[in-house]
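The values are calculated or read from the model by the stated rules, or taken from the named source; none is laboratory data. Since the model is a prediction, treat every value here as computed from it, not as a measurement. Positions of Cβ are backbone-derived with ideal geometry, glycine not excepted, and every protein chain shown enters the neighbour counts. Calculation scope for accessible area: heavy atoms of the full protein, side chains included, ligands and nucleic acids excluded. Shrake-Rupley method; radii C 1.70, N 1.55, O 1.52, S 1.80 Å.
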Amino acid sequence: MTSKCTRCGTCCEKGGPALHAEDADLLEHIPMTDILCLRRGEPAYDPRKDSLQPLPSELMKLRGKGKDWECVYFLPQDKSCSIYAYRPLECRSLYCGDSAGILRAMDEPLLTRGNIVPNDSALWACIDDHERNFPVDKALRLAREDVASAQCIRPELDDLICREFQYRRVLSERVGVEDRDLWAYLGRPLWLVLLPLNPIFSRYEQV
Ligand code: SF4
């Protein structure tokens, strides 16, 4: 067993860390465009249970590269971290040979959108509106009911996905950013959240 990181890069390849309240000061060095929000109910890997589990509450994490989860700050050519001095709590706590540190870190309070966005701001109103109208748990429930009939998407779910898509499109055009730049605030598009359940949801990528 090793108690020292050998910097093999395996953890960075698997995905960026969740962010905790004590990481808030690092946002001076990490732009919001490099962060995404996994919303309550989204399935996420839980190392404590070694399986995908629905998130009991939202979490913010460093995003991946394109469709890959490999941390956006991982430099594969020399297996290094391009923000090493500012790497988040979980990165500083992770040693492959001893999980005690990372498990302790995971129990620390999570950073949430509410810690970052003032609740009297127009942006918060959009987040709140989006949560109420396009809940992840509803989309997942409808998608799971349809898994048996893998070839079709029921109209109720199709309508939810399309309206969410349109909501995001209007907002991103209004503020002049790409959809990906909203992932820290709105999470990923519903179709992308649902994609691991069924490749049929990739059809919305073309919309
Ligand atoms: S922030 Fe750095 S140390 Fe942490 S996962 Fe990304 S590349 Fe690895």
Practice problem: Using packing as a proxy for protection, rank 50-58, 121-129 so that the peptide with the highest average count of other Cβ atoms within 10 Å comes first. | Solution: 121-129, 50-58
Self-check item: Assigned charges on the beta-carbon of Lys, Arg, Asp, Glu; region 117-206 dipole about Cα centre (debye)
Solution: 180 debye
Exercise. Amide H neighbours of Ser80 under 5 Å, at least 5 residues apart or on other chains, H built in the peptide plane: list them.
Key: Leu75
Quiz item: For the chain, what is the largest minus smallest coordinate of the Cα atoms on each principal axis, given in angstrom and ordered from greatest to least?
Solution: 53, 41, 32
Quiz item: Against the longest alpha carbon principal axis of the chain, how many degrees, from 0 to 90 and to the nearest 10, is the axis of helix 122-133 turned?
Solution: 60 degrees
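Based on Cβ point charges of +1 for Lys and Arg and -1 for Asp and Glu, what charge dipole magnitude is obtained for the chain about its Cα centre, in debye rounded to the nearest 20?
On the way: 28 positive and 33 negative charges, 88 e Å.
I would put it at about 420 debye.
Work out how much length Tyr95 to Gln166 would gain on full extension: take 0.36 nm times their residue separation and subtract the Cα-Cα distance, in nm to one decimal.
Values: separation 71, 0.36 × 71 = 25.56 nm, distance 4.28 nm.
Answer, rounded to one decimal: 21.3 nm.
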Quiz prompt | GNM result for the chain, Cα springs below 10 Å: residue of Glu13, Glu145, Glu70 fluctuating most strongly | solution = Glu145
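Please calculate how many Å² of accessible area region 12-86 carries per residue, with a 1.4 Å probe and no DNA, RNA or ligand atoms counted. If you can, show how the numbers build up before the last one.
Numbers: 4040 Å² over 75 residues.
On a per-residue basis, region 12-86 sits at 54 Å².
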Quiz item: What per residue convex hull volume, in Å³, do the alpha-carbon atoms of region 117-206 yield?
Solution: 90 Å³
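Tell me what the chain gives for mean residue ellipticity at 222 nm when only DSSP H runs of n ≥ 4 count, each as -39,500 (n - 2.57), the sum divided by the residue total, rounded to 500 deg cm²/dmol.
Numbers: 9 runs with 73 residues, N = 207.
So the helix-based figure for the chain works out to -9500 deg cm²/dmol.
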Quiz prompt | Accessible carbon and sulfur surface of the chain relative to its total accessible area, %, 1.4 Å | solution = 53 percent
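Heavy-atom accessible area per residue, region 117-206, 1.4 Å probe: how many Å²?
Numbers: 4850 Å² over 90 residues.
Value returned for region 117-206: 54 Å² of accessible area per residue.
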Exercise. Over all alpha-carbon pairs of region 10-114, lay out the pair-distance distribution in 10 Å bins, whole %, shortest bin first.
Key: 14, 50, 33, 2
Quiz item: Using a simple charge model, +1 on the beta-carbon of Lys and Arg, -1 on the beta-carbon of Asp and Glu, nothing else, what dipole does region 1-101 show about its Cα centre, in debye to the nearest 20?
Solution: 220 debye
Quiz item: Given the pairs Lys49/Lys79; Lys14/Lys79; Lys65/Lys138, which span a C-alpha to C-alpha distance of over 24 angstrom in this model?
Solution: Lys49/Lys79; Lys65/Lys138
Exercise. Can you grab the distance from the C-alpha centre of region 150-171 to the C-alpha centre of region 69-91, Å, no decimals?
Key: 34 Å
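Relative contact order for the chain using alpha-carbon pairs under 8 Å, separation at least 6, rounded to a whole percent? Could you put the intermediate results ahead of the total?
Values: 267 pairs, mean separation 51.8, N = 207.
Averaging sequence separation for qualifying contacts and normalising by length gives 25 percent for the chain.
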